[in-house]
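Structure, as structure tokens:
All of the numbers you see were taken from the coordinates with simple rules; none came from a lab. Owing to the predicted nature of the structure, the values given are computational and were not obtained by experimental measurement. Neighbour counts are summed over all protein chains in view; Cβ atoms, including those assigned to glycine, are modelled from backbone coordinates with ideal geometry.
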Amino acid sequence: MISYIQGKLVSKHPVTAVVETNMGMAFELGIPVSTFEALPDEGMSCLLYTHLHISQDDVRLFGFATKPEKELYQQLVRVSGVGPKIALSILSTLSIQTFVKAIENEETALLRRVPGIGLKSAQRLVIELKGRVAHLLDELPSTGKAMEGIAALEVETALESLGFNLRDIRRELSLLPADAKSMSSEQLIKEIIKRLYQKTK
């Protein structure tokens, strides 16, 4: 199994990249737009985490800028009716944080913004992935991952003192809908406790 490919970036386009290894072999990889935006200039060194897709009449290699991107892709293609094309479309349209929030909060309307995703597909994604992708938020850079401000700090401090895990607290804060920013610290604490207890059932 090919875990990743490291070498010189020969060429890049929004949906493909060619990487030449030190052994002189050049690999063409399918990539999402999010990975394209993270790639260095052509001629520079790069590393892409890879997934080898094998079907009855097709063998393709896909590359991803980060491990969470690769893992989300692998989770997506396991969903019934979701192939490589739709999985790349999801990664190209929605950030990992936005996608995970949509799944955990059952926001099918947001999922339907992805080209190729209809109502039934969005509902299937929620049913099959809810509770299985939230951990990806823990692997993202901390900047912009969770709600910011004094209220969030108060929530973290209060819930930590009650024995809750800080990582779990921050994950639930990052999954809150946008209108949660208007909630008071007390309301946020109650909401996060409710969410954390629901996860333990």
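For the reader, a short list of remarks on this structure follows.
- Per residue of the chain, the DSSP helices (runs of n ≥ 4 H) give a summed -39500 (n - 2.57) that works out to -12500 deg cm²/dmol at 222 nm.
- On full extension, the segment bounded by L153 and L61 gains 28.9 nm, given 0.36 nm per residue less the C-alpha separation.
- Check: region 36-154 dipole with +1 on Lys, Arg Cβ and -1 on Asp, Glu Cβ, in debye: 500 debye
- Antiparallel %, DSSP beta bridges [both residues in the chain], to 5: 95 percent
- With a threshold of 26 Å on the Cα-Cα distance, the over-threshold entries among K70/K190; K120/K190; K85/K130; K70/K194 are K70/K190; K120/K190; K70/K194.
- Charge context of V15, other residues only, Cβ under 15 angstrom, K/R +1, D/E -1: 0
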